[in-house]
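The values are calculated or read from the model by the stated rules, or taken from the named source; none is laboratory data. Quick caveat, the model's predicted, so the values are computed rather than measured. Cβ sites come from the backbone with ideal geometry, for glycine too, and all protein chains shown count toward neighbours.
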Ligand code: PMP
Ligand code: GLN
């Protein structure tokens with residue numbers, strides 16, 4: 001994968017005392033994550049950071065207070081139980097039931113993780129043998145490639161292609177990508193960075209394929225509450241034959257705007273949960289003690305919270321989307337997530353890397369070159385991602401600055 005390497009400081013790939021590279025071969029290709037790289041660029045240049053996807057305001061005050069209460073009451077300050085505190089596991093199970101009519105036993109079918117990131121890593125480390133193939137939709141979130149590599153798997157990207165204003169999965173291409181070595185599909189919907197939300201028809205076909213070829217599926221659903229217009233988030237686990245072969249991943253970071261708390265989870269069959277727990281217990285064992293109690297309360301917030309959150313992000317999507325269009329970008333209006341992917345070709349270049357490197361100086365804004373999320377670099381070259389999970393005034397200022405690109 002085309003990770004950007006930090007321009008200052010060691011990469012970890014330098015030779016050690018024996019002359020052998022310090023960083024192992026599995027990770028050698030990855031360099032510094034683009035998010036750290038571009039956030040550092042924003043800090044260095046004072047540019048508005050629409051790169052890394054984190055909100056610039058915290059989530060609900062009641063949830064923050066719940067964390068303070070848990071801390072003060074001494075709940076979660078020592079190692080919480082390995083699978084997560086019962087209150088949170090119960091709240092996760094209730095959320096899946098209320099939202100999607102998916103019934104999970106909080107004791108055997110829910111596992112709390114250190115964010116979705118650990119859920120992804122632990123799932124792959126647990127379920128993939130060296131040499132197994134893992135199919136991921138390209139462009140893919142950057143930790144996927146690294147986690148597949150750590151597990152010794154081989155990643156097989158299936159490229160989402162722009163068509164009629166949306167990045168579309170070619171189901172024939174997906175079908176053709178499955179071989180006798182395919183172990184699992186790592187799916188992400190709503191999809192970062194393209195904003196695509198897979199449709200019922202697409203998910204039906206994916207489910208059919210998984211059953212037919214006896215594949216496991218890990219579905220990253222961290223943006224489940226951020227779907228717009230007439231798009232609908234449908235968990236793959238609700239499709240025929242999928243509950244027993246799907247690991248569904250959620251995260252409080254996105255839904256409640258507390259990305260620093262790193263509370264994530266999986267829901268799956270008891271057997272899958274046990275397998276993933278085997279890996280997870282040796283990664284972090286446990287994490288986020290008091291925050292787990294707070295997120296249990298967050299998941300029980302009235303539906304108005306989730307509706308307001310979505311409405312707020314929708315307004316921001318439109319504000320930034322219109323601004324980017326006015327600035328000369330081709331905008332792919334996202335059906336989900338808090339990211340907008342644009343094509344910079346109308347601005348006279350197709351080199352997203354160079355464009356993003358120069359954008360702070362040219363316009364005082366930081367964005368992410370989507371090419372880092374591709375194995376097929378050329379397919380991703382002209383695309384650039386902007387995050388809109390920022391205060392309205394910040395987005396307005398960013399839009400004003402970006403308009404200078406239009407000349
Ligand atoms: N998956 C996707 C698609 C993401 O965009 C992110 C980024 N937050 C993650 C997983 C990681 O989530 P967390 O912060 O809960 O580890
Ligand atoms: N998920 C966030 C994004 O896509 C970043 C998370 C991270 O920095 N690891 O921008």
- Message: Given the options 170, 132, name the one that is away from ligand 1 (no atom under 15 Å from the Cβ), closer than 23 Å to residue 24 by Cα and over 20 Å from the mean Cα position of the chain (by Cα).
- Response: 132
- Item | Among residues of the stretch 107-134, those that are free of Cβ contacts under 8 Å to residues at least 60 places away in the same chain and either within 21 Å of residue 177 (Cβ to Cβ) or assigned to a helix (DSSP H, G or I) (or both), counted | 7
- Hey, any hits in the stretch 249-267 for a residue that's away from ligand 2 (no atom under 16 Å from the Cβ) and over 21 Å from the mean Cα position of the chain (by Cα)? no
- Query: Taking the stretch 358-399 as the region of interest, how many residues are touching a residue at least 12 places away in the same chain (Cβ under 8 Å) and part of a helix (DSSP H, G or I)?
  - Reply: 19
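Please tell me if residue 363 is modelled with pLDDT of 95 or more and either within 16 Å of ligand 1 (Cβ to nearest atom) or farther than 24 Å from residue 44 by Cβ (or both). Give the derivation first.
Details: modelled with pLDDT of 95 or more: yes; either within 16 Å of ligand 1 (Cβ to nearest atom) or farther than 24 Å from residue 44 by Cβ (or both): no.
No, not satisfied.
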- Taking residue 243 as meeting all but one of (1) closer than 15 Å to residue 339 by Cβ; (2) away from ligand 2 (no atom under 16 Å from the Cβ); (3) touching a helix residue (DSSP H, G or I) at 6+ places or on another chain (Cβ under 8 Å), write down the number of the exception. (1)
- Note on the structure: With the first residue restricted to the stretch 207-223 and required to be touching a residue at least 24 places away in the same chain (Cβ under 8 Å), and the second required to be within 11 Å of ligand 1 (Cβ to nearest atom) and assigned to a helix (DSSP H, G or I), Cβ contacts under 6 Å at 6 or more apart or on different chains are 222/116; 222/254; 223/254
- Counted residues, the stretch 173-200 - those being within 16 Å of ligand 1 (Cβ to nearest atom), out of contact with any helix residue (DSSP H, G or I) (no Cβ under 6 Å at 6 or more places or on another chain) and outside any strand (DSSP E or B): 9
